[in-house]
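Just below is one structure, and these are the notes that go with it.
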Amino acid sequence: MIERGVPLATALDYASLNPGEVTERILLRKKELNAVILGHNYQRVEIQDVSDYLGDSLGLSQEAAATDADVIVFCGVHFMAETAKILSPGKTVLMPDLRAGCPMADFVTGDALRRLKARHPDAAVVAYVNSTAEVKAESDICCTSSNAVKVVESIPRDRPIIFVPDRNLARYVEERTGRDNIIAWDGYCYVHDDMVLEELATARKAHPNALVVVHPEARRELLDAADVVTSTAGMVDLAEEHDSIIFGTERGLVDRMRQQFPGKTFVPLSGAAICGNMKLNTLAKLAWSLDHRAHEVTMDEEIRVRAHGALQRMLELSGGWQAPSEEEAALELAGVRSSGCGCG
Ligand code: 13P
Ligand code: SF4
């Protein structure tokens, strides 16, 4: 019999317990640490089940900025946890598995972006939030899949834009805004870029009346064939309204929607659309992470402050977070007012 509350040595030890006990430990330790679990829509269903907040990159960053928890455990990939740390520097940000990175974010480095900026000194830099803190620090403003069009529209039409790192999202935004001055980085997401029209045709044949919803990280020909192009949070909203959907995105979201709406017909556009990086997080690693207060996400303060500027400009534009007034900030500092959600 394992004594509750005593940390076990490795994640494997937690994996050998029954899932109910692992969940119990997670909830217990979470309360003890005043922690919040933020989970991305692509997480395994069992992680989604214990998350306090589930969402897309925008929603998760808004939540990270607003939470009054002392510890944020981020179940997603590294850039998401880093974003939480940039927005909430006073909090401990933990990741169940530090190897959960985003290959798309790794397409561009701070050095490479500085070199491109030197060649286009007049350009504004828009960094998709799927990027490192160093890249965000080199950028004027960030965007997510749900606000990319709005962010780009906020930049004067005649000003060139360097858009990193997703070429598919860049092209989508270019088309939606009617601009012809976006310099797109040649990065992509292997999960979305690998989806092809043949897979869509097969899914459509099997479900001719289904709504086709595709994430903007997919290739142009798939976006052109979709009924709706939207972020993962947009897809969750559509799942409430429609009975039959073909989802052009990662499996984790489809699995949860199926669990949530067992009577509906929800199918993945591609059975191969699985983000191995997101799936590195498991319930056992989450329990280990809380018990050991690891792995902590840290970063250089100078980079954090510069990256914060780009993120804050995005959040202000999205109407999802407003900086506290001077009076509110003073009360917060004095511990009289808890930092709360400034959602509009
Ligand atoms: P969302 O912001 O739509 O959740 O997308 C994040 C992501 O990593 C998609 O691959
Ligand atoms: Fe990165 Fe693609 Fe995985 Fe999203 S699905 S985290 S963009 S690799």
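Any read-out appearing in this document is the output of simple, stated calculations on the displayed coordinates, not a laboratory observation. Predicted model, so just to flag it, every value in this text is computed and none were measured. Heads up, the Cβs are rebuilt from the backbone with ideal geometry, glycines too, and the neighbour counts pull from every protein chain shown.
Quick notes on this one:
- Length added when fully stretched, Arg176-Asp106, from 0.36 nm per residue minus Cα-Cα: 22.6 nm
- The chain: most fluctuating residue of Ala64, Ala170, Ala100 per GNM, C-alpha cutoff 10 Å: Ala100
- Contact order for the stretch 87-171, expressed relative to its length and based on alpha carbon pairs under 8 Å spaced 6+ residues apart, stands at 31 percent.
- Alpha-carbon centroid distance for the pair the stretch 33-84 / the stretch 251-267, whole angstrom: 21 Å
- Per-residue ellipticity at 222 nm from helix content only, as computed over the chain with -39500 (n - 2.57) for each DSSP H run of at least four residues, stands at -12500 deg cm²/dmol.
- Residue of Gly187, Gly20, Gly309 that the Gaussian network model of the chain assigns the largest fluctuation, springs spanning Cα pairs under 10 Å: Gly20
- Entries of Lys85/Lys279; Lys30/Lys91; Lys136/Lys285; Lys30/Lys285; Lys91/Lys136; Lys85/Lys285 with Cα pairs more than 25 Å apart: Lys136/Lys285
- Residues Cys143, Cys189, sorted so that the one with the fewest Cβ neighbours within 10 Å comes first: Cys189, Cys143
- Cα centroid separation - the stretch 190-211 against the stretch 99-158, whole Å: 30 Å
- Listed by Cβ neighbour count within 10 Å, with the fewest neighbours leading, Arg167, Arg258, Arg119 appear as Arg119, Arg258, Arg167.
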